[in-house]
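S.K.: The structure is given below, and queries will be raised subsequently.
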Amino acid sequence: MIRPYYDLSDRAPRGGSYYSGGPRFGFGAPLLPAVRAIMISCVAVFLLEIALDGRGLRQGFVDVFGYTPVLAFGKGWLWQPLTYVFVHGSFWHIFFNLFFLWMIGGLVEARLGSKRFLWLFFTAGLAGALLQGVIFSKTTTIGASGAIMGVAAACGMLFPNMSILLLSLI
């Protein structure tokens, strides 16, 4: 028998199931270690950005740690495709990125495990950076949206029958 890379019959840690497939109302997923580490890292970097902004140094920080393809590959700043996911432009930018990561990240991490979840997150972030670089080679990209969309795609594959209710103000 061929077993898939991920086992949909796996149970969540401590014997419970984070998603049983049946209808339920919930607000967010459990805050597991990898999701928590990513969220703490993003908030810490954002607080550093705020502190640097008060000294007029924020743009320099964004230029060095955001992703600009001509700098990353032209000048050898090869850390940028990994560090740009932690840099955010505003409170609402980081809020909605981390809110969506919290809503679905724990479900995916519970199924894949922390190591494979981190691999997924950073691989999706790299893919987002490379695709962005093909389209906009001189523009600086910041934020975790590409990585989070990779997590969302994995969530869709792992839980194909799950419905997500999006509430909006309009």
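S.K.: Picking from 123, 140, which residue would you name as being under 12 Å from the mean Cα position of the chain (by Cα) and among the hydroxyl-bearing types (Ser, Thr, Tyr)? Reasoning before the result, please.
M.R.: Working: 140 fails: under 12 Å from the mean Cα position of the chain (by Cα).
Being under 12 Å from the mean Cα position of the chain (by Cα) and among the hydroxyl-bearing types (Ser, Thr, Tyr) holds for just one of 123, 140, which is 123.
S.K.: Looking at residue 111 and the list (1) part of a helix (DSSP H, G or I); (2) of a type outside the set (A, V, I, L, M, F, W, C); (3) free of Cβ contacts under 8 Å to residues at least 12 places away in the same chain, which single condition is not satisfied?
M.R.: Exception for residue 111: condition (3).
S.K.: Can you give me the number of residues within segment 13-53 that are surrounded by fewer than 16 Cβ atoms within 10 Å (Cβ to Cβ), within 17 Å of residue 105 (Cβ to Cβ) and at pLDDT 65 or above?
M.R.: Number satisfying all stated conditions: 6.
S.K.: Related question: Are any residues in segment 65-74 modelled with pLDDT under 95 and in a helix (DSSP H, G or I), and if so, which ones?
M.R.: 69, 70, 71, 72, 73, 74
S.K.: Let me confirm something: among 100, 96, 73, which residue is open to solvent by 70 Å² or more (accessible area, probe 1.4 Å), out of contact with any Gly (no Cβ under 9 Å at 6 or more places or on another chain) and of a type in the set (A, V, I, L, M, F, W, C)?
M.R.: Working: 100 fails: open to solvent by 70 Å² or more (accessible area, probe 1.4 Å); 73 fails: out of contact with any Gly (no Cβ under 9 Å at 6 or more places or on another chain).
After ruling out the rest, the residue left standing is 96.
S.K.: Is there a residue in segment 39-62 that is in a helix (DSSP H, G or I), in contact with a Gly (Cβ under 9 Å, 6 or more places away or on another chain), closer than 20 Å to residue 149 by Cβ and among the aliphatic types (A, V, I, L, M)?
M.R.: yes
S.K.: Kindly indicate whether residue 133 is open to solvent by less than 60 Å² (accessible area, probe 1.4 Å), within 28 Å of residue 73 (Cβ to Cβ) and in contact with a His (Cβ under 8 Å, 6 or more places away or on another chain). Even if it seems obvious, please write down each step before you answer.
M.R.: Values: open to solvent by less than 60 Å² (accessible area, probe 1.4 Å): yes; within 28 Å of residue 73 (Cβ to Cβ): yes; in contact with a His (Cβ under 8 Å, 6 or more places away or on another chain): no.
Spelling it out, it is not the case that residue 133 is open to solvent by less than 60 Å² (accessible area, probe 1.4 Å), within 28 Å of residue 73 (Cβ to Cβ) and in contact with a His (Cβ under 8 Å, 6 or more places away or on another chain).
S.K.: I've got another one for you. Answer yes or no: is there a residue in segment 83-90 that is over 26 Å from residue 57 (Cβ atoms) and either open to solvent by 60 Å² or more (accessible area, probe 1.4 Å) or among the aliphatic types (A, V, I, L, M) (or both).
M.R.: First, the residues of segment 83-90 that are over 26 Å from residue 57 (Cβ atoms): none.
No.
S.K.: Test each condition in (1) open to solvent by less than 60 Å² (accessible area, probe 1.4 Å); (2) of a type in the set (Val, Ile, Thr); (3) more than 18 Å from residue 38 (Cβ to Cβ); (4) without any contact (Cβ under 8 Å) to a residue 40 or more places away in the chain for residue 123 and report the one that comes out false.
M.R.: Of (1) open to solvent by less than 60 Å² (accessible area, probe 1.4 Å); (2) of a type in the set (Val, Ile, Thr); (3) more than 18 Å from residue 38 (Cβ to Cβ); (4) without any contact (Cβ under 8 Å) to a residue 40 or more places away in the chain, only one is false for residue 123: (3).
S.K.: Here's another thing I want to ask about it. Would you call residue 130 closer than 26 Å to residue 49 by Cα and assigned to a helix (DSSP H, G or I)? Don't jump to the end; show me each part of the working.
M.R.: Values: closer than 26 Å to residue 49 by Cα: yes; assigned to a helix (DSSP H, G or I): yes.
Judged against the criteria, residue 130 is a match.
The values are calculated or read from the model by the stated rules, or taken from the named source; none is laboratory data. This one's a predicted model, so the numbers in the text were calculated from it and none came from an experiment. Cβ sites come from the backbone with ideal geometry, for glycine too, and all protein chains shown count toward neighbours. In case anyone asks, the SASA skips ligands and DNA or RNA and just uses the protein heavy atoms, side chains included. Shrake-Rupley method; radii C 1.70, N 1.55, O 1.52, S 1.80 Å.
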